[in-house]
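Each remark here refers to the structure printed beneath this line.
The values are calculated or read from the model by the stated rules, or taken from the named source; none is laboratory data. Quick caveat: nothing in here was measured; it's all calculated off a predicted structure. Here the Cβ is made from the backbone with ideal geometry for all residues, glycine too, and neighbour counts use every protein chain on show. The accessibility values were calculated without ligands, DNA or RNA, using every heavy atom of the protein model including side chains. Shrake-Rupley method; radii C 1.70, N 1.55, O 1.52, S 1.80 Å.
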Amino acid sequence: MAIAGSLFSLNVFAQETGQLSGDFQTNFSIYDNDSIIGTNTTQYFHEKSSAEAWLFLNYRLNDFSVQARFDLFNNSPLMNPNEAYTRQGLGFYSLSKKIKNLDLTVGHFYDQFGSGIVFRAFEDRTIGLDYAIQGVRVQYNPTDSFMVKVFTGLQKNRFDHHQQVMKGANAEQIWRIGNLDFLTGGAFLNRTLDQNTMQALADQINALPYEELFTPKYNVYAGSIYNTLRFNNVSLYTEYAKKSKEAVILSDRDGNIELANTGGDVFYTSLSYSFSGFGLNLQYKKVDNFILRTSPYTTFLVGTMNYLPALSKQHNFRLPARYSIAALAQGEEGVQAEITYSYNKTSTFNFNTSQIFDPNGNRLFREYYIDYNKKFNKRAHGIFGFHTVYYDQEIYEFKPRAKAVQTITPFIEFSYRLDGSPKAIDPNAPRPKRSRLRPSIRTELQYLQTGEDRGDFAFGLLELNLAPRYSFSISDMINTRPKDQAKPVHYYSFFASFTEKQTRFSIGYAKQVAGVICTGGVCRIEPAFSGLRAGLSTNF
């Protein structure tokens, strides 16, 4: 609160009035133990409840800005689903100043170079990720077509920091030849190990057989060159990245791990083409041991310094999203194709397919998705679709000797506007004090058929919206043919929300099956959940 007071003081006493903005978000959970669905984390037996909250403040005055965020975690499983984490305090702060074409930032910052393959610092609260860098960043834009930036700092680790120093540089140039537009860039990253990590590496290497010994290096270097070419309705993005040799930990299908001295590289390209009613996007990626971490000893999502795009569709429907994937830094090769076709204003087809293989040519993932969007009239809209996937559980969920999952999933969504109003609601637009509620209903029906993993699932949802204020829903996800239970298992959910201008309240009771949760191509394995969840979010 001292920071908030300081910002208000600046606003009062500055000769020129600045602008204060921000947002607040909080989540609260109460845990209801359910042995049938397998709830087994500490919150069900000891803490019984958890909470998270974030208050972000941004004060701007001319070319100067101050940002700060207060973070709170009480008995929270968000950082690690298998622990109850409690700590609170200043989780993010930064001071920025613009001096003509120069931007200076000290404190914490988020950024990425190119597509993020070499470096990406970002936040995703939904799965407990915060890769902010604490340090110094300088960006210089001498012209509208050229940019260069450099930084040095430490990656955030909860309320502390990893001890490995990171340094990076990025430059981009826009140039044109006739009808061709180019954006060409280059990125560089260096990470230096701390002394304690180097000592641990040396001790581990000295215990290896003589023929496997190698000399560890304090520094790893990674760089990339990338280019976006645009011509009329065609866009082609290409990037190649390479990293120097360093000590990394590799794993195989049986869960065995080994310490190896290896470099790596990535080639990624994307081609997009569109004209009236038609869109096409093709992607190809090949990864070979492009593992970039703050230390060889950080695991899973901890200490990741970059981002590799996943060549799979990001699903909005519950059951097609059940077997989503993240990119494999240790090695993969894949392609993805997506086609959108609208033959009139009321009908649209979407098609997506992905094929991903390991470095030895073994299939890891295959996906086919198609849907048909139909606007029947001003009131009614429907989506009818089909999804099938081949999913290697051994690799994506670290389950040795688990059979690959093959699914078939048809789905339907139907929405009906009860008042027939064709106008979309702008949540930021000013409204009368007594705005008329606009009712609508929406329903989803999905069925996932598979002979592997937990067996078949059915999902049904019924939602009532009274725009712009209220929303109510009830759903049930049923394990209709469970592999390890005698009877079907229900994962039901009740949900309600209330919106007042920029503020939204929500509350619900839910049972959630254990599995992979993905957002934006970043995934983690979540345990089963049973209990009540409430939330509040607002901005100002």
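Points to keep in mind about this one:
- DSSP-assigned coil residues among chymotrypsin sites (Phe, Trp or Tyr not before Pro) in segment 201-288, each with at most 16 further Cβ atoms within 10 Å: F214, Y218
- Net charge, S295 excluded, C-beta distance under 10 Å - Lys, Arg +1, Asp, Glu -1: +1
- Computed FRET value (nearest 0.05) for N360 with K399, which takes r as the C-beta separation and R₀ as 22 Å: 0.70
- With a simple spin-label model that places each label point 7 Å from the Cα along the Cα-to-Cβ direction, the separation between Y372 and I441 comes to 2.4 nm.
- Prolate/oblate/rounded call for segment 53-151, Cα gyration tensor, a/c under 1.5 rounded: oblate
- Size of electric dipole in the chain: Cβ of Lys, Arg +1 and of Asp, Glu -1, about Cα centre, debye, nearest 20: 2040
- Tensor-based shape of segment 87-130 (alpha-carbon gyration tensor, a/c under 1.5 rounded, otherwise prolate or oblate): oblate
- As a rough guide to protection, the peptides 307-316, 109-118 ranked by mean Cβ packing within 10 Å, highest first, stand as 109-118, 307-316.
- The alpha carbon centroids of segment 115-186 and segment 40-72 are separated by 24 Å.
- The distance between label points at I525 and D124 comes to 1.7 nm (points 7 Å beyond Cα on the Cα→Cβ vector).
- FRET efficiency for N62 and N232, using Cβ-Cβ distance with R0 set to 35 Å, rounded to 0.05: 0.30
- For segment 43-130, size of Cβ-based charge dipole, Lys and Arg +1, Asp and Glu -1, in debye: 320
- Ligands, DNA and RNA left out, the accessible area of the chain computed with a 1.4 Å probe is 57% carbon and sulfur.
- For segment 66-200, a crude dipole built from +1 on the beta carbon of Lys and Arg and -1 on the beta carbon of Asp and Glu, taken about the Cα centre, is about 300 debye to the nearest 20.
- Separation of segment 486-540 and segment 376-394, taken as the distance between their Cα centroids, equals 21 angstrom.
- Centre-to-centre separation between the Cα atoms of segment 260-318 and those of segment 457-478: 33 Å.
- Förster radius 51 Å - calculated FRET efficiency between E211 and E500, Cβ distance, rounded to 0.05: 0.15
- Measuring between alpha carbons in the structure, the pairs from K156/K242; K98/K243; K403/K487; K149/K217; K313/K345 lying more than 31 angstrom apart are K98/K243.
- Structural descriptor for segment 326-379: relative contact order 32 percent, calculated from alpha carbon pairs under 8 angstrom and at least 6 residues apart.
- Its DSSP H runs of at least 4 residues, each contributing -39,500 (n - 2.57), put the calculated 222 nm mean residue ellipticity of the chain at -1500 deg cm²/dmol, to the nearest 500.
- In segment 45-115, GluC sites (Glu not before Pro) in a DSSP loop with at most 15 other beta-carbon atoms within 10 Å: E83
- Fully extended contour minus Cα-Cα distance, from T269 to V148, at 0.36 nm per residue: 41.2 nm
- The residue among Q204, V220, T238 whose Cα reaches farthest toward the positive pole of the charge dipole of segment 187-239, with charges on the beta-carbon of Lys, Arg, Asp and Glu, is T238.
- Contact order for the chain, expressed relative to its length and based on alpha carbon pairs under 8 Å spaced 6+ residues apart, stands at 10 percent.
- With a simple spin-label model that places each label point 7 Å from the Cα along the Cα-to-Cβ direction, the separation between E463 and T17 comes to 3.9 nm.
- Global form of segment 463-531, assessed from the alpha-carbon gyration tensor, a/c cut-off 1.5: oblate
- Accessible area of segment 38-131 divided out per residue, in Å², using a probe of 1.4 angstrom: 42
- Read-out log10 I(q)/I(0) by the Debye sum over Cα atoms at q = 0.06, 0.08, 0.09 Å⁻¹, derived from the coordinates shown; its label in [x] -0.35, -0.64, -0.83; [y] -0.30, -0.53, -0.67; [z] -0.42, -0.67, -0.78: [x]
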